[in-house]
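The values are calculated or read from the model by the stated rules, or taken from the named source; none is laboratory data. Keep in mind it's a predicted model, so treat the numbers as computed, not measured. Backbone-built Cβ (ideal geometry, glycine too); neighbour counts: all protein chains shown. These area figures cover heavy atoms from the full protein model, side chains too; ligands, DNA and RNA do not enter into them. Shrake-Rupley method; radii C 1.70, N 1.55, O 1.52, S 1.80 Å.
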Amino acid sequence: MDTKLVRLISTALQVVIGIIGVILCIMIAGGKESIIDFALKFSYVILGICGVGVILFALYNVATNIKKSIPMLAGIVVFAIILFVGYSMGSEEIPSNLLKPDSTIEVTGQGAKYSGGVLISFYILLGLTVLAVVYSSINKLMIRLRK
């Protein structure tokens with residue numbers, strides 16, 4: 001498609017969605033709380049359409065520029081490995097404070113393993129980030145000292 005046509009369609013959709021959003025906000029502010037359910041569902045649909053569009057656009061760019069996409073694909077693979085390691089280290093043991101009869105949270109062993117795995121993955125990524133910042137700072141300092 002022509003870029004001008006795509007830009008025109010994109011701008012028109014943005015304007016229409018913006019106008020609908022403003023109308024819904026005015027209706028809600030005017031006291032029509034019954035419209036909130038529709039507004040939320042409309043927002044979810046728009047968010048889903050945008051998410052699918054982003055994924056399709058990214059896949060198209062990866063397919064058309066394989067060589068330029070290798071670093072990004074490597075990053076995705078490393079991220080997946082970190083998630084797998086975190087999930088593997090997660091425990092199915094449910095914390096004792098969630099086992100009390102008055103607890104309103106229902107946790108299964110699988111849910112505990114997922115949440116534990118995500119936390120461990122977060123800790124790994126946080127540690128790698130700190131190491132990257134320290135490495136960058138030391139590298140900059142070494143470059144300044146060489147001059």
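Right, Val6: in a helix (DSSP H, G or I) and either open to solvent by 60 Å² or more (accessible area, probe 1.4 Å) or free of Cβ contacts under 8 Å to residues at least 12 places away in the same chain (or both) or not? So that I can check it myself, show each step before the final result.
Details: in a helix (DSSP H, G or I): yes; either open to solvent by 60 Å² or more (accessible area, probe 1.4 Å) or free of Cβ contacts under 8 Å to residues at least 12 places away in the same chain (or both): yes.
Spelling it out, Val6 is indeed in a helix (DSSP H, G or I) and either open to solvent by 60 Å² or more (accessible area, probe 1.4 Å) or free of Cβ contacts under 8 Å to residues at least 12 places away in the same chain (or both).
Which one of these does Val107 not meet: (1) surrounded by 12 or more Cβ atoms within 10 Å (Cβ to Cβ); (2) part of a helix (DSSP H, G or I)?
Answer for Val107: the failing condition is (2).
In the list Ile76, Ile81, Ile17, which residue meets the criterion of being farther than 27 Å from Ser121 by Cα and among the hydrophobic types (A, V, I, L, M, F, W, C)?
After applying the criteria, what remains is Ile17.
Would a scan of the range 85-98 turn up a residue that is within 30 Å of Tyr123 (Cα to Cα), in a helix (DSSP H, G or I), at pLDDT 90 or above and open to solvent by 90 Å² or more (accessible area, probe 1.4 Å)?
Filtering the range 85-98 for residues within 30 Å of Tyr123 (Cα to Cα) gives 85-98.
Subsequent filtering for residues that are in a helix (DSSP H, G or I) retains 85-89, 96-98.
Keeping just the survivors that are at pLDDT 90 or above gives 85-89.
Cutting the leftovers down to open to solvent by 90 Å² or more (accessible area, probe 1.4 Å) gives us 89.
Checking the range 85-98: at least one residue is within 30 Å of Tyr123 (Cα to Cα), in a helix (DSSP H, G or I), at pLDDT 90 or above and open to solvent by 90 Å² or more (accessible area, probe 1.4 Å).
For Leu126, indicate whether it is over 27 Å from Ile82 (Cα atoms), modelled with pLDDT of 85 or more and not β-branched (Val, Ile, Thr). Explain how you work it out, then say what you get.
Numbers: over 27 Å from Ile82 (Cα atoms): no; modelled with pLDDT of 85 or more: yes; not β-branched (Val, Ile, Thr): yes.
Judged against the criteria, Leu126 is not a match.
Can you name the residue in the range 38-47 that is open to solvent by 90 Å² or more (accessible area, probe 1.4 Å) and not aromatic (Phe, Trp, Tyr) and is also farthest from the chain's Cα centre (by Cα) among such residues?
Quick first cut of the range 38-47, residues open to solvent by 90 Å² or more (accessible area, probe 1.4 Å) only: 38, 41, 44, 47.
Now narrow it down to the ones that are not aromatic (Phe, Trp, Tyr): 41, 47.
Numbers: Lys41: 20, Leu47: 12 Å.
Filtering first and then ranking leaves Lys41.
Those residues that are open to solvent by 70 Å² or more (accessible area, probe 1.4 Å) and modelled with pLDDT of 90 or more, I need them from the range 72-81; list them, please.
If the condition is that a residue be open to solvent by 70 Å² or more (accessible area, probe 1.4 Å) and modelled with pLDDT of 90 or more, then Ile76, Val77, Val78, Phe79, Ile81 are the ones that fit.
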